[in-house]
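The values are calculated or read from the model by the stated rules, or taken from the named source; none is laboratory data. Predicted model, so just to flag it, every value in this text is computed and none were measured. No Cβ is skipped: glycine too gets one built from the backbone with ideal geometry, and neighbour counts run over all protein chains shown.
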């Protein structure tokens with residue numbers, strides 16, 4: 001008997017609240033409506049056709065020039081024995097060179113394998129792969 005009383009007292013309230021949720025108001029929309037809108041927007045984003053941006057060859061040229069400049073800087077540091085804090089400068093320049101190599105590999109489609117910072121073997125492999133693809137610096 002108590003269940004029937006609860007059902008008849010709660011059911012109209014649930015029905016009215018659910019109908020009230022569909023009536024637009026000036027307040028913030030209900031959370032379920034916002035979530036539904038976000039989900040539909042995500043589906044629409046996946047279905048929209050995005051135009052392919054043309055490749056800019058000057059990006060490659062800029063990376064090649066920067067690689068050449070940093071490589072020359074490292075060579076100058078290695079030749080000059082009287083430079084203050086020479087080892088630290090060489091290490092910093094080689095790390096910058098490695099980052100530029102990784103950027104060049106990404107542009108050329110070369111796989112960058114995970115390795116320790118300053119790994120000479122990985123650096124050499126990346127340089128050989130880039131040279132095989134026609135890169136010069």
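From the set of residues in region 115-137 that are in a helix (DSSP H, G or I) and more than 23 Å from residue 61 (Cβ to Cβ), which is nearest to the chain's Cα centre (by Cα)? Break it down into steps so the answer makes sense when it comes.
Initially, region 115-137 is screened for residues in a helix (DSSP H, G or I), giving 120-132.
Next, only the ones that are more than 23 Å from residue 61 (Cβ to Cβ) stay: 120-122, 124-125.
Numbers: 120: 26, 121: 26, 122: 23, 124: 26, 125: 24 Å.
Per the stated criteria, the residue is 122.
When you go through 70, 112, 52 one by one, which is the residue that is free of Cβ contacts under 8 Å to residues at least 40 places away in the same chain, part of a loop (DSSP other than H, G, I, E, B) and in contact with a helix residue (DSSP H, G or I) (Cβ under 6 Å, 6 or more places away or on another chain)? Walk me through how you get there before you give the answer.
Values: 70 fails: part of a loop (DSSP other than H, G, I, E, B); 52 fails: in contact with a helix residue (DSSP H, G or I) (Cβ under 6 Å, 6 or more places away or on another chain).
Answer to the selection: 112.
With the requirement that a residue be assigned to a helix (DSSP H, G or I) and farther than 19 Å from residue 125 by Cβ, what does region 73-88 give you? Break it down into steps so the answer makes sense when it comes.
Step one: filter region 73-88 for residues assigned to a helix (DSSP H, G or I), giving 73-79, 86-88.
Hits for region 73-88 are 73, 75, 76, 77, 78, 79, 86, 87, 88.
So that you can scan it fast, the table gives a plain yes or no per residue for (1) free of Cβ contacts under 8 Å to residues at least 24 places away in the same chain; (2) surrounded by 11 or more Cβ atoms within 10 Å (Cβ to Cβ); (3) closer than 27 Å to residue 124 by Cα; (4) outside the structural domain of residue 125 (by TED's automatic domain parsing):
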residue	(1), (2), (3), (4)
11	yes, no, no, yes
14	yes, no, no, yes
27	yes, no, no, yes
30	yes, yes, no, yes
43	yes, no, no, yes
90	yes, yes, yes, no
96	no, yes, yes, no
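Condition test on residue 59, is it outside any helix (DSSP H, G or I), under 25 Å from the mean Cα position of the chain (by Cα) and loosely packed, with under 13 Cβ neighbours inside 10 Å? Break it down into steps so the answer makes sense when it comes.
On the way: outside any helix (DSSP H, G or I): no; under 25 Å from the mean Cα position of the chain (by Cα): yes; loosely packed, with under 13 Cβ neighbours inside 10 Å: yes.
When the stated conditions are applied, residue 59 does not pass them.
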